[in-house]
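Novice: For reference, the structure I am asking about is given below.
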Amino acid sequence: MGEAKKNIEQMRANFIKMMERWMFEPTEWEAQMVAEIFELQAYEVERLPADILAYMKMKPQECHANCAFMEREDPDQLIKHVVGWSFIDNNFVLHSVILQHGKLTCVTPAPDHIKGPITFIPDEKLSWKDEGNGLRTWHRAGRQIGPGLRPNPESTIEACKRKIALLNTDMHPFDAMMMA
């Protein structure tokens, strides 16, 4: 198998794994957390330009590490790491941004197809637990959170099933994720 084919198959496997993580059973706890998050203040947050993020060596899909690094390495201690939620594909996804000079800014590169500001909801009830080896688990109200929370779990599960079905065809994995 050629290198390009291996990369595509790895992408396919990663997308399937990601979809499976969102297919957990709905709980009353999740519904309560979603209701609380809907009551929090949402902000439109700009992302730094891609060329600046590349220069800063910020890593895609590493928002928590990127923001923790920026807070830790700020010589003036003016940067604060803020954790919360982004509302993506009708779900609350854990996300981190920085607060500097009273302004929230996203410092994590986004895929090319994502443009414009993001909706971000700071959540002071979120905390993480270091598990060692650079691994963290996120918690809210005493419970561990997986990839995020779903306002409509049944709809999310059905969407994930559709995406997995498309991912299990010969369709390019990126196209499958965009279609379902």
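The values are calculated or read from the model by the stated rules, or taken from the named source; none is laboratory data. A quick note: this is a predicted structure, and the numbers were derived from the prediction, not measured. Because the Cβ atoms are built from the backbone with ideal geometry, glycine has one as well, and the counts that use them run over all protein chains shown. Keep in mind that these areas ignore ligands, DNA and RNA; they rest on the heavy atoms of the full protein, side chains included. Shrake-Rupley method; radii C 1.70, N 1.55, O 1.52, S 1.80 Å.
Novice: Would you work out the charge dipole size for region 50-180 about its Cα centre, treating the Cβ of every Lys and Arg as +1 and the Cβ of every Asp and Glu as -1, and quote it to the nearest 20 debye?
Specialist: Dipole magnitude for region 50-180 comes out near 320 debye.
Novice: Can you sort Y55, Y43 by solvent-accessible area, 1.4 Å probe, largest first? Intermediate results must be reported in sequence, preceding the final value.
Specialist: On the way: Y55 190, Y43 100 Å².
From most accessible down to least: Y55, Y43.
Novice: Throw me the Rg/Rh for region 1-50, computed over C-alpha atoms with Kirkwood Rh, two decimals.
Specialist: 1.22
Novice: Something else now. Please enumerate, by chain and number, the aspartates and glutamates with C-alpha under 20 Å from the C-alpha of K129, excluding those fewer than 8 residues away in the same chain.
Specialist: E30, E62, E71
Novice: Any chance you could list P(r) for region 1-112, counting all Cα-Cα pairs in 5 angstrom bins from zero, rounded to whole %?
Specialist: 2, 10, 15, 19, 16, 15, 11, 7, 3, 1, 0
Novice: Can I ask one more? Given A141, Q61, P151, which one lies farthest toward the positive end of the charge dipole of the chain, if we put +1 on the Cβ of every Lys and Arg and -1 on the Cβ of every Asp and Glu?
Specialist: Sorting the options by dipole projection puts first Q61.
Novice: Given contacts defined as C-alpha pairs under 8 Å and at least six residues apart, what's the relative contact order of region 1-145, whole-number percent?
Specialist: 24 percent
Novice: Find how many whole Å separate the alpha carbon centroid of region 127-180 from the alpha carbon centroid of region 38-103.
Specialist: 20 Å
Novice: Starting from the Cα gyration tensor of region 137-180, multiply each eigenvalue by 5, take the square root, and state the resulting semi-axes largest first in whole Å.
Specialist: Working through the eigenvalues yields semi-axes of 28, 12, 7 Å.
Novice: While we're on this one: Want the number for K80 to E39: 0.36 nm per residue separation, take away the alpha-carbon distance, what's left?
Specialist: Taking K80 through E39 to full extension adds about 12.5 nm, to one decimal.
Novice: Figure the gain on full extension for E3 and S155 (residue separation times 0.36 nm, minus the Cα-Cα span) and round it to one decimal in nm.
Specialist: Values: separation 152, 0.36 × 152 = 54.72 nm, distance 3.59 nm.
Length difference between fully extended and current span is 51.1 nm.
Novice: Where the accessible area of the chain is counted over protein heavy atoms with a 1.4 Å probe, how much of it, in %, is carbon and sulfur?
Specialist: 53 percent
Novice: Report, by chain and number, residues whose modeled amide H sits under 5 Å from the one on I88, excluding near sequence neighbours (fewer than 5 apart, same chain).
Specialist: Sorted by chain and number, the residues that satisfy this are V93.
Novice: Regarding region 39-180, what are the three Cα extents along the principal axes, ordered largest first, in Å?
Specialist: Reported extents, whole Å, longest axis first: 51, 39, 34.
Novice: Per residue, how much accessible area does the chain have with a 1.4 Å probe, in Å²?
Specialist: Accessible area per residue, the chain: 63 Å².
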